[in-house]
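The values are calculated or read from the model by the stated rules, or taken from the named source; none is laboratory data. This one's a predicted model, so the numbers in the text were calculated from it and none came from an experiment. We place every Cβ from the backbone using ideal geometry, glycine too, and count neighbours over all the protein chains shown.
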Amino acid sequence: MKNQVAQISPDLLRTESEIIASWTEEYDQPLVSVSCITFNHEKHLEDAIIGFLKQETTFPIEILIHDDASTDGTSKIIDKYREKYPHLIKPMIQTKNQFSKGFIAQSFNVNRARGEFLALCEGDDYWLSSSHLQRAIEVFMAEKDISIYGGASYVLKGTKVKVYTPNPKRFSLSSYVKKTPFVTTCSLVTKTEIWKKILSIPVYGGRYFAGDTRLKLISLTFGDMYVSQNPGVVYRKNSGSSSWSSRNITEEVDVRELLDNLAITREVGILSNYIDSDTLFRRVQSESLLKGLNLAARKGNFAWLCFILLHLKLLSPRFSRPVIYCNPLVKRLRKYK
């Protein structure tokens, strides 16, 4: 039920002075920088901002919002909350769209972040739990060799809600690549220095499609991923805005995503000194098979079947779900479900 993930009313939010007074730990600057990138999220952005402001932490935070020249009322929502929370909310409002110029949207927030940790949430997603940040930082402080934190999530599609809880709760680079759990971007908290390391690595063409995949995998070359088993965030699927899940998947997109993922795997191999080359090779093989299958399926049922017969590994249980879901007939039925 959608009511299960309803955001609280803005009338219930604490004032800025009350939030700051609750920070019992002394820091010279924010411990966590919240990074929110937004574009034409007028319908959803308020839920995201409320999720940031209702966080109950013992440490200071800052809220960085980058609006990439929205053409709807997104900037008005940002201005409304900036007026009420001027010491917390730090917007950057673009007059010209930077994504279309090839820039990585997150870079504008990363480069001005003062926190040791960076928490991600795009403007059409939101945090439901008021302890999301506190729980994440407690894990970083208590667990050894953790480089990135994620969590179980509610996935909201229209009025339908599903809960995704990745298991186990801790992944190394090797175990993550073998299983590739679904960990939503809006649940991620990582070290800001890792983000800056990622941005320092040159990328041919300016940016990758799969920016969150790159963040997860490169972070895993610095330590493990911890995944909370308690759902505390809401990921909107096909929100109708500029979200990743609502993008138009074309043959060109499939090819570019494949090439991006292969390039990301190469970066991970270099950063990890190819310690687990077999695992990385299996990732390359899986990416190639699945994208090849998607491309074949675009040609119709016969091409889809021929590709499977030529690559019998796709008949293994691991690939059963994507094999079925990319079938042209099944895709058509799911679209009108």
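Can you tell me which residue among Tyr235, Tyr208 is at pLDDT 95 or above and of a type in the set (Ser, Thr, Tyr)?
Numbers: Tyr208 fails: at pLDDT 95 or above.
After ruling out the rest, the residue left standing is Tyr235.
Could you figure out which of (1) touching a residue at least 40 places away in the same chain (Cβ under 8 Å); (2) in a strand (DSSP E or B); (3) not small (Gly, Ala, Ser) isn't true of Lys162?
(1)
Any residue in the range 162-181 that is in contact with a Gly (Cβ under 8 Å, 6 or more places away or on another chain) and at pLDDT 95 or above? So that I can check it myself, show each step before the final result.
Applying the first criterion (in contact with a Gly (Cβ under 8 Å, 6 or more places away or on another chain)) to the range 162-181 yields 166.
Cutting the leftovers down to at pLDDT 95 or above gives us none.
Taking every residue of the range 162-181 in turn, none turns out to be in contact with a Gly (Cβ under 8 Å, 6 or more places away or on another chain) and at pLDDT 95 or above.
Can you spot a residue in the range 38-46 that is at pLDDT 95 or above, under 22 Å from Tyr235 (Cβ atoms), assigned to a helix (DSSP H, G or I) and under 24 Å from the mean Cα position of the chain (by Cα)?
yes
Scan the range 264-273 and tell me whether some residue there is of a type in the set (S, T, N, Q), closer than 24 Å to Cys186 by Cα, touching a helix residue (DSSP H, G or I) at 6+ places or on another chain (Cβ under 7 Å) and modelled with pLDDT of 85 or more. Explain how you work it out, then say what you get.
Just the residues of the range 264-273 that are of a type in the set (S, T, N, Q), to begin with: 265, 272-273.
Subsequent filtering for residues that are closer than 24 Å to Cys186 by Cα retains 265.
Checking the rest, the ones that are also touching a helix residue (DSSP H, G or I) at 6+ places or on another chain (Cβ under 7 Å) come to 265.
Among the residues that remain, those that are also modelled with pLDDT of 85 or more are: 265.
Yes, the range 264-273 contains at least one residue that is of a type in the set (S, T, N, Q), closer than 24 Å to Cys186 by Cα, touching a helix residue (DSSP H, G or I) at 6+ places or on another chain (Cβ under 7 Å) and modelled with pLDDT of 85 or more.
Filtering the range 16-28 down to residues that are surrounded by fewer than 11 Cβ atoms within 10 Å (Cβ to Cβ) and touching a residue at least 24 places away in the same chain (Cβ under 8 Å), which residue is farthest from Thr192 (Cα to Cα)? Walk me through how you get there before you give the answer.
Filtering the range 16-28 for residues surrounded by fewer than 11 Cβ atoms within 10 Å (Cβ to Cβ) gives 17-18, 21, 24-26, 28.
So of that shortlist, the ones also touching a residue at least 24 places away in the same chain (Cβ under 8 Å) come out as 24-25.
Numbers: Thr24: 23, Glu25: 20 Å.
The residue in question is Thr24.
Being at pLDDT 90 or above, closer than 20 Å to Lys178 by Cβ and either loosely packed, with under 13 Cβ neighbours inside 10 Å or of a type outside the set (Phe, Trp, Tyr) (or both): is that true of Leu309 here?
So Leu309 fails the test.
How about the range 89-114: which of its residues are out of contact with any helix residue (DSSP H, G or I) (no Cβ under 6 Å at 6 or more places or on another chain) and not in a helix (DSSP H, G or I)?
Filtering the range 89-114 down to residues out of contact with any helix residue (DSSP H, G or I) (no Cβ under 6 Å at 6 or more places or on another chain) leaves 90, 94-98, 100-104, 106, 108-109, 111-112, 114.
Selection gives Lys90, Gln94, Thr95, Lys96, Asn97, Gln98, Gly102, Phe103, Ile104, Asn111, Arg112, Arg114.
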